[in-house]
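A.B. asks: The structure's right below; bear with me while I get my questions together.
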Amino acid sequence: MMAGSVRGTLRRLHAWVERLRSPLAASAVSRSDARHFRILLAASSAAAGKVVSVAVQLAMVPLMLSSLGDYSYGLWLTLQSLIGFGTFADLGIGNGAMNAISAAQAKGDRDRINRIITSAITMLTGLAICGVVAAPIAFEWVLGQRLGGAHAADVAVGLALFTAYFALSLPLGFIERINAAFQEGAVTNIARSGVAVATLLATWGVARAGGSFAAICIATLAPQLLGWSVVWAVEFRRRDWLRVGRNLFDRSLSRSLLGVGVLFLGVQVLSAFNWSMDNLLISSILGAEQVTPYGVQVRVFGLVGTIASMILTPLWPAYADAAAHGDHAWIRSTLRRSLVGAVAVSAPLAFGAAVALPFILRVWTGGAIETTPILAYGLACLTVCQTVCAALAMFWNGTSAIRVQFLIGLVLVLLSLPLKVLLLRSRGIEWLGFLSSGLIVLVVLVPAFFLVRSALAARQPGEASGGSLS
């Protein structure tokens, strides 16, 4: 029976591949199958890439510690954390451009795609230049006394290399958004895996040769820049119509991308604040020592979010493609499946983690951190709610309903802040998970039910209209 099931799955997979290759892939059925295949391919390659990434990160820690020592490794981690703010440095232009490219791709408008890409790269390059100018101020504020300490030379070299990396990463890294817009996230995932392995090998080689701090920085940064460059070259070769040139820059299109991008940025900032608010409030109200037991337990449940993200993220460009084609029946069915799937996957994992949490903490922390059933099951509920929110976010992102997300996120922040302050002062961290879950249900999920139903009802099956459902 199992063998028959496997054979059936392989036959369906083969049929999907054949439809993707077929020149008749313009039909709605074939487009639907192509989206499903690309979602599956992106999710599976993301999972494989995550395994490679985690393995490389685990191997890198002892390697870099032995090569750099505590101080230089701490400096490298600090600089690496600053690079993480690059997520916000593009002002959301990458996300806005991704939706615009998906819509243009659905219409076969290659000239518009080239103008979108050129306009986005031009703006990202401008932001990179601004970042280079602002970098010394940011480093002075974060690193402070280290800039004039005994390791001043290493610090100066690190600053220069990380600043150069940041400047180049904005335009070069935009290729990932282009691949996502074409529903080819698997290309990005495969490239990331190759970059991770190349980074490990380069770092190992430099460490074995007794390389300096500067050499280690180059070994950990250069492979990513090289990987993006290679993917750009591959894309230009695969799509001989792809062009980037000064004559393709479009001012009005740039203003439109920036406007949508700022909304995306607002959503990102609110989302980041919502999910990081707890640790900040715990630290300021109860003390930094109380952040550790809460933060460690949140990390256990964070694995569920990572799994959900790998499955759900490929839906974003698929929704954008379906909206541009007016394939609202596919959007409806996929949204329903993604919401049911989000609960079906996250609930057993989250509540299973809650049951096993005391044992996990004993093994992981040696009994230094303990939990309570209220805290454990509250965090499990919060994990399920966050996963459902992620499924909704992919739908809203793909259908360009950004204002809805921004307003909901803003209300969630404004309500959460005073209520969490009151709870922490009166009851501590124990009920924080349940409070956060209740707020998400009240502020996000209940309104989303009516908003999504209204948006989907506005487009009946067979209606030939592209664009946003919102």
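Nothing in this text is a laboratory measurement; each read-out follows from the coordinates by a stated rule. This structure is a prediction, so every number in the text was calculated from the model and none was measured. Virtual Cβ from ideal backbone geometry, glycine too; neighbours counted across all protein chains shown.
A.B. asks: Taking the number of other C-beta atoms within 10 Å as the exposure measure, put Trp316, Trp364 in order starting with the fewest.
C.D. replies: On the way: Trp316 25, Trp364 14.
The fewest-first ordering by Cβ neighbours comes to Trp364, Trp316.
A.B. asks: Ranked by Cβ crowding within 10 angstrom, fewest neighbours first, how are Thr371, Thr292 ordered? Walk me through the intermediate numbers first.
C.D. replies: Working: Thr371 20, Thr292 14.
By the 10 Å Cβ count, ascending, the order reads Thr292, Thr371.
A.B. asks: OK, next. Sum up the charges of everything whose Cβ sits under 14 Å from the Cβ of Pro293, counting Lys and Arg as +1 and Asp and Glu as -1, but leave Pro293 out. Show your work: numbers first, answer last.
C.D. replies: On the way: positive: Arg299, Arg362; negative: Asp278, Glu289, Glu370, Glu430.
Counting the neighbours of Pro293, the net charge comes to -2.
A.B. asks: So, one more: With 10 angstrom as the radius, rank Leu357, Leu410 by how many other C-beta atoms surround their C-beta, starting from the fewest.
C.D. replies: Details: Leu357 24, Leu410 14.
By the 10 Å Cβ count, ascending, the order reads Leu410, Leu357.
A.B. asks: Dividing the Cα convex hull volume of the stretch 264-470 by residue count, how many Å³ per residue is that?
C.D. replies: On the way: hull volume 21.4 nm³, N = 207.
It is 103 Å³ per residue.
A.B. asks: Which order do the peptides 228-241, 329-342 come out in when sorted by mean C-beta neighbours inside 10 angstrom, highest first?
C.D. replies: Details: 228-241: 13.7, 329-342: 17.8.
Averaged packing, sorted descending, gives the order 329-342, 228-241.
A.B. asks: Let me ask something else. Taking the Cβ of Asn114 as the center, what net charge do the other residues with Cβ under 11 Å away carry, scoring Lys and Arg +1 and Asp and Glu -1? Write down the numbers at each step before the final one.
C.D. replies: Values: positive: Arg110, Arg112, Arg115, Arg239, Arg243; negative: Asp109, Asp111, Asp250.
Taking every other residue near Asn114 into account, the sum is +2.
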